[in-house]
Structures are given as structure tokens and as C-alpha cells.
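> Just passing along the structure, written as C-alpha cells.
The values are calculated or read from the model by the stated rules, or taken from the named source; none is laboratory data. The model shown is predicted, which means the values in this text are computed figures rather than measured ones. No Cβ is skipped: glycine too gets one built from the backbone with ideal geometry, and neighbour counts run over all protein chains shown.
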Amino acid sequence: MAGAMRMGTGGPGLSGLLKDGYKHMSGLEEVILKNVDACKQLSQITRTSLGPNGMNKLVINHLGKLFITSDSATLLKELEVEHPAAKMVVMAAEMQVQEMGDGSNFVTTFAGELLSNAESLLRLGVHPSEIVLGYAKASAKAAELLEASVCHTVADVRSVEELSSVLRTVISAKHYGYEDLIASLVARACIGVMPPAPKRPSVNVDSVRVCKLIGGSITDSTVIKGIVVHRQSEGTVTYAEDAKIAVFGCGIEAGSTETKGTVVIKNAAELKAFNKEEERLMEESIKSIADAGAKVVVAGGSISEIAQHFLNKYNLLFVKIVSKFELRRLCRSVGATALVRVGPPTPDEMGHADKVFVKELGSKKVTIFEQIEDESQVATVVLRGGTMNLLDDVERAIDDAVNTAKVLCKDGRCLPGAGATEIELAYRIQQVAESTPGLEQYAISKFAEALEVVPRTLAENSGQAAAEVLSSLYAAHATGSAAVGVDIEGTGVTDAATARIYDAFATKLSALTLAADAALTVLKVDQIIMAKQAGGPKPRDPQAPDAD
């Protein structure tokens with residue numbers, strides 16, 4: 001009996017409850033403040049990249065790839081954050097990207113600011129549960145007040161001018177100065193892939209492709225209704241008009257037999273006859289494709305030399321596309337079916353393009369499948385620029401803009417940008433805090449204070465005195481000017497609605513909710529219990545000196 005008692009108690013306290021190797025931390029200093037500090041450090045990285053004048057970050061990942069960007073979604077993905085509390089904020093930002101495609105910087109910055117403000121209350125002795133309750137009330141009130149802040153609605157998303165007026169703000173946050181050009185390109189591409197007029201407009205994000213070509217400048221960029229392939233024609237034919245397209249998922253070459261066999265050739269005449277038969281079969285296959293009406297042949301594998309000879313003989317333009325994903329997009333763009341064997345396609349299996357031609361852009365030759373009359377399901381933005389890093393960054397901005405266009409198709413409401421919405425919310429929530437009894441009012445007031453981070457950062461990044469700009473903003477909003485925001489081009493404040501600086505309502509609402517939820521989740525943690533990592537001992541550091 002005594003032996004059983006000794007076996008059941010491994011030691012006093014928590015160490016007797018858990019296996020060897022567990023780590024346990026609890027209390028304000030050990031857990032809550034350390035978690036808050038980790039999230040603050042993360043938000044300080046992304047915060048300086050907020051807005052049109054935001055700074056770039058240079059990140060080199062574990063594979064040695066270089067990233068120069070102000071896009072926080074890319075930064076958070078490549079930083080590989082390990083801290084469990086900071087990971088919650090990263091997960092909230094990732095969810096924002098998945099749902100809305102934009103606003104990840106706001107999520108991390110605002111969540112970090114909420115936790116930073118909560119820290120001062122914790123040090124004053126306010127219990128975390130009181131802060132959580134106050135933040136939850138303020139978050140619900142902010143979502144309610146957002147409805148009243150709507151200043152513009154996109155009436156017709158099929159209008160290039162209306163759509164690009166909202167996309168400008170998304171682009172300018174990444175590439176200030178090129179927002180009008182790029183927003184117009186993205187708007188035309190998005191409208192090009194929308195279903196015909198009677199149907200409800202929608203944008204499939206995967207249907208807007210980006211083709212990056214080094215050379216020239218961003219002003220040389222254009223939109224092509226169709227798809228651009230990064231390869232030139234393999235043969236002599238480089239142009240086809242009103243072309244039927246046969247797409248093969250396999251290569252065009254002599255097929256091997258299913259079973260192994262040996263052909264014994266005794267003399268030169270038999271060898272010539274064998275080759276002649278192979279040529280005859282290949283010519284029959286190519287002739288049958290040409291007779292079916294095809295003018296363009298696309299192969300998903302290698303094209304043998306003898307096949308190339310006969311494809312040229314029958315005046316067929318032929319291209320090789322190795323990527324199966326690119327082949328699938330081409331099929332969707334031209335309305336073709338990828339065949340698994342070489343042979344004559346049926347009319348239903350063939351696609352159609354108004355023009356297929358090889359064009360030299362910069363120093364690169366590409367093949368363009370262009371649709372002029374028909375409805376194309378894919379549009380391509382051909383980007384030009386001096387370096388691949390610049391093109392990669394513009395592509396991220398375009399991706400954000402396309403996602404915003406998708407959101408606007410569902411909900412066309414817009415809020416004033418330039419920090420105007422955040423200051424209006426801060427002003428209104430501060431009034432709510434003053435009329436709230438108990439300790440919650442301090443948390444609600446801190447929530448309102450945290451919203452100031454956006455206009456403050458915009459002012460700091462544009463070289464202005466943040467305190468003066470904030471006081472001007474509060475003065476304007478107190479008189480009922482709800483659309484007044486930070487003027488980053490001059491000094492002081494400007495009317496964001498008049499300047500056509502808009503934020504999508506759905507994106508802002510989602511970002512506010514996710515940031516508040518992430519901050520509340522971190523504040524609710526009061527103990528951390530970590531198991532010992534699985535696996536054997538860590539590999540020895542090769543740089544470490546040998547032990548004596």
C-alpha cells in the first residue's frame with residue numbers, strides 16, 4: 001500500500017502531475033507581459049510599412065531567396081515566427097489574407113497596439129478579464145459604427161473608372177505614384193474575366209494572371225485578354241488568326257509499346273523501311289489534326305524532330321508548355337480539352353482564339369493567345385520593370401487589388417481612407433468610454449487610443465508631426481467632418497471622400513474583428529505549459545568548438 005502511494009506521487013506540485021521535460025510558466029510577469037511584448041515586437045516590424053510612404057523590408061529566407069517588400073503578408077510568411085502568442089496574431093493576419101486578400105498590415109499593427117495599451121492597464125493593477133470585457137464591448141461598438149461611416153458605394157463594378165477609383169488606394173499603399181496606371185490595368189483585367197452582363201458580376205482570382213518581363217518600365221505594362229505563354233513557337237509558323245487550337249497533355253512523338261520487344265534489322269533496306277513506316281504514321285497523325293481544322297497545336301511534353309518537320313509542313317503553329325497548371329489555364333482560356341493521346345480532336349475538344357502570335361517583349365519572345373470578340377475566362381497583366389524584385393512586389397500589389405475587386409463584387413460599400421475611419425471610430429468610442437461605468441471604461445478608452453495608430457503612422461511616414469496632425473483630425477471630426485484624414489502629399493489634413501481615397505467596407509470590418517479577436521485571445525492566456533519537443537537531441541552546431 002505504501003509502495004503504491006509512493007508510485008502515485010512523482011513529486012510535489014505540478015511537476016508531479018506532468019511528465020519529465022514539461023515547462024510551466026504562469027503569472028503576470030512570466031506569461032501575459034511576455035506575450036504582449038512578443039506581439040508588440042511583431043507589430044513594430046509591420047507598422048513602419050503601413051501606408052503609401054511605408055518603408056520596405058529586406059528579408060532573406062532559409063533558402064537564400066531575397067525579398068524586398070512592404071507587403072506584410074509576405075513578411076509574416078517568410079519570418080517564420082516561433083513565439084506561440086505572436087503566432088496567434090500571424091494566424092489572424094493570414095486569415096485576413098485568405099478571406100479578403102488585403103489588410104493584413106492593419107491586423108498586426110492594430111492587434112499589437114491593443115496589447116501595448118493593455119500592458120499599461122495591467123501594470124496599474126487592472127485585471128485581464130476587465131480589459132477583455134472592455135475590448136469586446138469596444139470591438140462590437142466599432143463594427144456597429146462602421147456602418148454609419150460608409151461614404152461611397154460602387155454602383156457598377158463593370159465600370160473601369162468606378163472600380164479603379166477604389167483599387168487606387170490598395171495599389172498606392174504598395175507602389176505610390178503608379179496607383180492610377182496599375183489600378184486601371186487591374187480593373188480592365190477583372191472586368192474582362194467577369195461573366196456576361198445578365199449574370200451577377202464576380203471575379204475568380206485565379207483568372208487574372210501576371211506575366212513578368214524584365215525590361216522597360218512599369219508604364220510599358222499592358223493588359224491582354226487571353227493568356228501569355230513564356231515560350232515562343234517551336235516551328236517556323238508564328239501567326240494564326242481565327243485559330244482552332246488542339247491541346248495535348250502529352251508529348252508529340254513516336255509512342256513506345258506497352259510490352260518490351262526486339263526488332264531485328266538485317267540490312268539497310270529494312271532500316272529505311274522501318275523509318276519510313278514511323279514517318280508515315282507520324283505524318284498521318286499530324287495530317288489528321290490539320291484536317292480537323294486546327295491551326296495551333298499545344299503540347300504538354302516534348303515534340304520530336306520528325307513531328308516538328310510535319311507540323312511545319314502542314315503550316316501549324318505549335319508551342320510546348322511543360323507546366324500542367326499553365327496548360328490547364330490555357331485550356332480554360334481558349335475553351336479546349338487536353339487530350340491524352342496524339343490524334344484528331346473533335347470540334348468540341350478544340351479551343352478557339354482570335355489571334356495566336358509570337359511577340360518580342362524586351363529581350364524575351366512570348367506566345368500570346370488573344371481573345372478579341374469572344375468572352376475569355378482569363379486575362380493577363382503583362383508587367384514590365386527594371387528588376388525582378390520590383391516586378392515581384394508589383395505582382396503582390398496586383399494580387400491585393402484583384403482580391404479587393406472580388407470583395408467589391410459582393411459588397412460595394414466603401415469607407416473614407418487616409419486614417420479618417422479610424423479617427424472617427426476613436427472619437428465615437430471615446431465618447432462611449434466616458435459614459436460607461438466601472439473599470440471597463442479604461443479598456444474602452446485604450447481601444448479608442450489604439451485606433452490612432454493608423455493616422456499617427458501615416459503622418460510619421462510622410463514626415464509630419466504626428467501630435468499636430470492628430471489634434472487637427474480630432475478637431476475636424478468634432479465638427480462632424482467624418483471623412484477628414486491625413487494629407488500625405490502636403491501637410492495637415494484633407495477630405496478623403498473628396499480626394500477619392502477609399503477603403504473597402506468588408507475588408508476593414510474583417511480586419512478590425514480579427515485584430516480584436518487575436519488581442520483578446522492573447523490577453524486571456526495566463527499559463528503556458530510546454531511539452532518536451534519530440535525527437536532525439538538537436539544536431540551539434542558545426543561552428544561550435546570541440547569539447548576538451
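> Can you name the helices (runs of 4 or more DSSP H) wholly within region 73-157 that have at least 2 residues being of a type in the set (Phe, Trp, Tyr)?
104-123
> Select from region 46-78 the residues that are touching a strand residue (DSSP E or B) at 6+ places or on another chain (Cβ under 7 Å) and among the aliphatic types (A, V, I, L, M) and list them in ascending order.
Selection gives Leu58, Val59, Ile60, Leu66, Ile68, Leu75.
> Contact list please: Cβ distance under 7 Å, first residue in region 492-521 and in contact (Cβ under 8 Å) with a residue 60 or more places away in the chain, second residue acidic (Asp, Glu) and part of a helix (DSSP H, G or I), pairs at least six apart or on different chains.
As it stands, the answer is Ser510/Glu99, since those pairs meet every condition given.
> May I pose another question? Give, as residue ranges, the strands (runs of 3 or more DSSP E) completely inside region 295-389 that count at least 2 residues that are touching a Gly at 6+ places or on another chain (Cβ under 6 Å).
364-370, 379-385
> Checking Gly177 against (1) in a loop (DSSP other than H, G, I, E, B); (2) over 30 Å from Asn461 (Cα atoms); (3) among the small types (Gly, Ala, Ser), which single condition isn't satisfied?
Unmet for Gly177, out of (1) in a loop (DSSP other than H, G, I, E, B); (2) over 30 Å from Asn461 (Cα atoms); (3) among the small types (Gly, Ala, Ser): (2).
> Next question, about the same structure. When you scan region 454-481, how many residues do you find that are crowded, with 21+ Cβ neighbours inside 10 Å and in contact (Cβ under 8 Å) with a residue 60 or more places away in the chain?
3
> Listed residues Ala397, Ala401, Ala420; which is buried (at least 19 other Cβ atoms within 10 Å of the Cβ) and in the same structural domain as Leu458 (by TED's automatic domain parsing)?
Ala420
> Those residues that are out of contact with any Phe, Trp or Tyr (no Cβ under 9 Å at 6 or more places or on another chain), at pLDDT 80 or above and buried (at least 21 other Cβ atoms within 10 Å of the Cβ), I need them from region 47-78; list them, please.
Arg47, Ser49
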